[in-house]
Amino acid sequence: MWGHYDDFDPQLFDGKPYNEFYTQDEIREVVRYAATKHINVIPEIEMPGHALAALASYPELACTAGPYQVATKWGVFDDVFCPTEKTFTFLQDVLTEVMGLFPGKYIHIGGDECPKVVWHKSAFCQQLMKREHLKNENQLQSYIITRIDKFVTSKGRRIIGWDEILQGGLSPNATVMSWRGINGGIQAAKQHHDVIMTPGQFCYFNFYQGDLAQEPTAFGGSLSLAKVYAYDPTPANLSPTEATYILGAQGNIWTEYIATPDQAEYMIWPRAAAMAEVVWTPLTQKNYDDFTRRLPTHFERLSHLNVNYARTFYDALPSAKPTPDGHVEVSISAGTFASDIRYTLDGSIPSEESPRYELPLLLSKSATIRVATFQNGKPLSQLAKVEKAYLVSKATGKSYTLLNAPTSGRPDRNYSLTDGTTGAIGGYEVAGVVTFKNDLNTIIDLGKLEPVESVRIGFLKYTAKNICLPKQVEISISEDGKTFKPALTARTNAAESGKRAIIRLPFDFQPVTTRYIRIIARNVGKVPEGLRYPGRTAQLGIDEIEVR
Ligand code: ACM
């Protein structure tokens, strides 16, 4: 799939087959090499969910006849293993082969993200549940995991499973990986089961590590280096005895958006260094400032090893606010790291000769600012990376009233249509865009009579989330804020699909002198045919409004 899951509507694919595998000899080499680094490789063999590839080859292991296709996109699928004796024989054969290759104590058997809809409809499953006195499908999952646990334990090994294996009752010898937050880990520790903490919000290195508009496509949310470092895997509400069941924490990297080893390194480092201190440094000795002082040494070491670590930590990020007299004041912050901040306003990549940032910049016209950091004349940040557009117009910093209330919740509720700052999209996140379930209906007060001839509106087009362009835009003007005269009515294409983006549409009209401008952008109401979810309730997403 090209781009993020929600980038394109319809989704686009590169058509390249993706079909690689390890031979047994290659796996033996991986295990042997890792052992020379004192690393124990634990394989994860997914069951009973995430099994579509197996069902494509062995449809007899499913609850219905199939046929099944190997998935062409990632995600959670309803078709899962059917717990027949044939399936158990298959899984035990696979695990036997796997245990022959991986000599470590643990085998991870997955257990996560297993929809129960097919089991619910399956006569076989319902009969099995009756025979085994299982009250529901969660207990059927527990039955499967418990049988696999018995098998693996009988071979002298131990299973690890994701926290969903708590559903329907925890199998006797299972170690739990708590990924959907920490509650699974707490429950397991209270039942005196070993736990590895790996909650998404602190431990998923496939999340963004910096500003979502600046970073390469990632899974999203957001997990900064500082947030990883701040994590404490031992929940405060465990008793001292229960706390001993928390074995430690794990950093995860999932490769939905990672196509190359270089990109994997970029996402792993330096967050893995922070995670190492989370699990290896006593709480009383953890100190983020001290960690960041030592970070350049880690970076030198990683450079020496040719590791493509992320330099996001060095990024200086601009932020802005409008001034009462209609300028945009841009401040640039380098976070915790003292450095030389250099910037350009002409689109060029900053060099150590570019202007040095000292005081907030006052923009009197729209500009794209690019920012880089330096130390002792050498670049620290990734030079071409940080770039942000600011818009200055007659509307900048001017007050407006919204005659329809914006939608609460995501995308964010920053009521900032005239603050000069443009919105951004990345991962599943949208920043700086106001959404409406009905029409945008706003009156902007320019403060005094002004000649105007054009309005430009940034619309978020994010049709995978039912945020469509409007079907029509109406602009009217008024000197007193009470009586409005129409200036323009323009049709717009609410059915536009393609790549999600903030689209700035211009609306030009006969030059007039006015103080108040009323803008109505008509919501299409229902998502048009041809988009991802036709018929659903459409929303409008509004970014910056400019008046010229
Ligand atoms: C997981 O992220 N599905 C464990």
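A few notes on this one:
- Here the contact order of the chain, divided by its residue count and restricted to Cα pairs under 8 Å and six or more residues apart, works out to 10 percent.
- Of the whole protein surface, Leu403 contributes about 90 Å² of accessible area at a 1.4 Å probe radius.
- Local electrostatic count, Gly447, Cβ distance below 9 Å [Lys/Arg +1, Asp/Glu -1]: +1
- For Thr483 and Leu12, the FRET efficiency from 1/(1 + (r/R0)^6), where r spans their Cβ atoms and R0 equals 45 Å, is about 0.35.
- Near-label residues of segment 452-491 by backbone N, under 20 Å of a point 7 Å along Cα→Cβ of Arg548: 452-460, 473-477, 487-491
- Dipole magnitude (debye, nearest 20) for segment 282-374, charges at Cβ of Lys, Arg, Asp, Glu: 300
- 21 Å Cα-Cα threshold exceeded, pairs from Lys37/Lys105; Lys365/Lys471; Lys388/Lys461: Lys365/Lys471
- Placing a label point 7 Å from the Cα of Tyr533 along the Cα-to-Cβ direction, the residues of segment 426-467 whose backbone N falls under 16 Å from that point are 428-430, 435-438, 461-467.
- Chain lengthening between Thr64 and Asp93 when straightened (0.36 nm per residue, less Cα-Cα): 8.2 nm
- Within the accessible surface of the chain, defined with a 1.4 Å probe on protein heavy atoms only, the carbon and sulfur portion equals 53 percent.
- Taking the Cα centre of segment 344-466 as origin and assigning +1 to Lys and Arg Cβ atoms and -1 to Asp and Glu Cβ atoms, the resulting dipole is close to 280 debye.
- Rolled with a 1.4 Å probe across the full set of protein chains, the surface gives Leu363 an accessible area near 10 Å².
- Segment 214-367, relative contact order [Cα under 8 Å, separation at least 6], %: 17
- Accessible area per residue, Å², segment 308-448 with all protein chains present, probe 1.4 Å: 44
- Theoretical FRET efficiency, 1/(1+(r/R0)^6), r = Cβ-Cβ of Asn237 and Val41, R0 35 Å, to 0.05: 0.55
- DSSP beta bridges confined to the chain are antiparallel in about 80 percent of cases.
- A full extension of the chain between Trp254 and His133 corresponds to an added length of 39.8 nm, given 0.36 nm per residue minus the alpha carbon distance.
- Sites listed here are trypsin sites (Lys or Arg not before Pro) in segment 125-202 whose DSSP assignment is loop and whose Cβ has at most 10 other Cβ atoms within 10 Å: Lys135.
- Sparse-neighbour loop sites [trypsin sites (Lys or Arg not before Pro); segment 1-84; at most 12 other C-beta within 10 Å; DSSP]: Lys37, Lys73
- Stretching Lys365 away from Asn404 to a fully extended chain increases their span by 11.0 nm, per 0.36 nm per residue minus the current alpha-carbon distance.
- Its Kirkwood hydrodynamic radius, worked out from the mean inverse distance over all distinct Cα pairs, puts segment 403-541 at 15.6 Å.
- As a rough guide to protection, the peptides 521-532, 465-476 ranked by mean Cβ packing within 10 Å, highest first, stand as 465-476, 521-532.
- Entry comment: accessible area of segment 3-136 is 61 Å² per residue, from protein heavy atoms only and a probe of 1.4 Å.
- Using a Förster distance of 60 Å, the FRET efficiency for Lys526-Leu305 (Cβ separation, nearest 0.05): 0.65
- Using alpha-carbon coordinates, inclination of helix 24-36 to the longest axis of the chain, degrees: 80
- Think of the chain as a dipole: +1 on every Lys or Arg Cβ, -1 on every Asp or Glu Cβ, centred on the Cα centre; then among Ala236, Thr344, Thr513, Thr513 lies furthest on the positive end.
- Scanning residues 5 or more positions from Ile467 or on other chains, those with amide H under 5 Å from its amide H are Tyr462, Gln539, with H placed 1.01 Å from N in the peptide plane.
- Furthest towards positive pole of dipole, Leu403, Ser497, Ile332, structure part the chain, Cβ charges: Leu403
- Relative to the longest principal axis of the Cα atoms of the chain, the long axis of helix 85-101 makes an angle of roughly 90 degrees.
- The amide H of Val392, built 1.01 Å from its N in the peptide plane, has Ser366, Ala367 as neighbours under 5 Å, considering only residues 5 or more places off or on other chains.
- Principal-axis analysis of the Cα atoms of the chain puts helix 288-304 at an angle of about 80° to the longest axis.
- Charge dipole magnitude, Cβ of K and R +1, D and E -1 - the chain, Cα centre, debye nearest 20: 880
- By the rule of a C-alpha distance below 19 Å, with chain neighbours fewer than 8 residues away ignored, the aspartates and glutamates paired with Lys482 are Asp445, Glu450, Glu474.
- Shown here for segment 200-267: chymotrypsin sites (Phe, Trp or Tyr not before Pro) in loop regions (DSSP other than H, G, I, E, B) with at most 16 other Cβ atoms within 10 Å, namely Trp254.
- Label-to-label distance for Glu496 and Asn287 is 5.5 nm, based on points extended 7 Å past Cα in the beta-carbon direction.
- Restricted to Cα atoms, the chain shows a radius of gyration and a Dmax of 27.9, 85 angstrom.
- Simple spin-label estimate for Val76 and Ser333 in nanometres, 7 Å along Cα-Cβ: 3.5
The values are calculated or read from the model by the stated rules, or taken from the named source; none is laboratory data. Worth saying up front: this structure is predicted, and the values here are computed from it rather than measured. Cβ sites come from the backbone with ideal geometry, for glycine too, and all protein chains shown count toward neighbours. Remember, those area values only see protein heavy atoms, side chains included, never the ligands or the DNA or RNA. Shrake-Rupley method; radii C 1.70, N 1.55, O 1.52, S 1.80 Å.
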